[in-house]
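Colleague: There's a structure below that I have some questions on.
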Amino acid sequence: MKKTVIAIATAAIILPTAALAGDHDKNESALNYSGPVETVTVAELLQDTSMFTEKEAIVEGQLIKQINADTFIFSDGTKEIQVEIDDDITMPAAINASTRLRLYGEYEGGNTPEIEVDRVQLL
């Protein structure tokens with residue numbers, strides 16, 4: 001009897017938590033905002049190449065060259081910068097050097113400044 005009460009109490013605590021966690025994931029993936037955002041140019045980012053620089057950045061332009069599986073050269077028309085695209089990002093269609101993209105990620109200065117991209121949006 002005691003084990004049954006403990007099992008029921010545990011289920012009463014865990015099930016609502018699991019249900020809410022599942023709803024959060026559904027709501028998060030349903031959001032696809034396409035309105036205006038504050039972007040920065042690559043030239044502005046490259047003004048600070050200190051190895052201690054880390055800041056959120058949103059840039060718009062094209063991937064103009066692939067270096068390896070997840071590293072590309074990106075250009076916004078002002079300058080070029082290396083970008084590393086998170087390996088769990090998938091695109092709904094093939095892209096090429098003329099495909100306009102909006103990249104969301106973190107700019108990191110240093111010897112080879114780069115943007116670590118965690119989200120890509122087709123424009």
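Just so you know, all these numbers are worked out from the coordinates, no wet-lab data involved. Remember, it's a predicted structure, so these values are computed and weren't measured experimentally. Here Cβ is always computed from backbone atoms with ideal geometry, including for glycine, and neighbour counts include all displayed protein chains.
Colleague: Please compute the modelled spin-label separation between Asp118 and Lys55, points set 7 Å along Cα→Cβ, answer in nm with one decimal.
Modeller: For Lys55 paired with Asp118, the spin-label model returns 1.8 nm.
Colleague: Where in the stretch 95-114 is the amide nitrogen less than 11 Å from a point lying 7 Å along the Cα-to-Cβ axis of Ile67?
Modeller: The answer is 111-114, whose backbone nitrogens lie closer than 11 Å to the label point.
Colleague: Okay, next question. Taking θ = phi - 60°, what integer Hz values does the Karplus form 6.51 cos²θ - 1.76 cosθ + 1.60 yield along the stretch 93-102, in sequence order, with x for Gly and Pro?
Modeller: Residue by residue, the stretch 93-102 yields 8, 5, 10, 9, 5, 9, 6, 7, 10, 10 Hz.
Colleague: Now, a different point. Note the full-extension length gain between Asp88 and Glu44 as 0.36 nm times their separation in residues minus their Cα-Cα distance, in nm to one decimal.
Modeller: Between Asp88 and Glu44, full extension yields an extra 13.0 nm.
Colleague: Please compute the net charge surrounding Gly61, taking Lys and Arg as +1 and Asp and Glu as -1 over other residues with Cβ under 12 Å from its Cβ.
Modeller: Charge balance near Gly61 sits at 0.
Colleague: State to the nearest 20 debye the size of the charge dipole of the stretch 37-123 about its Cα centre, where the only charges are +1 on K and R beta carbons and -1 on D and E beta carbons.
Modeller: 460 debye
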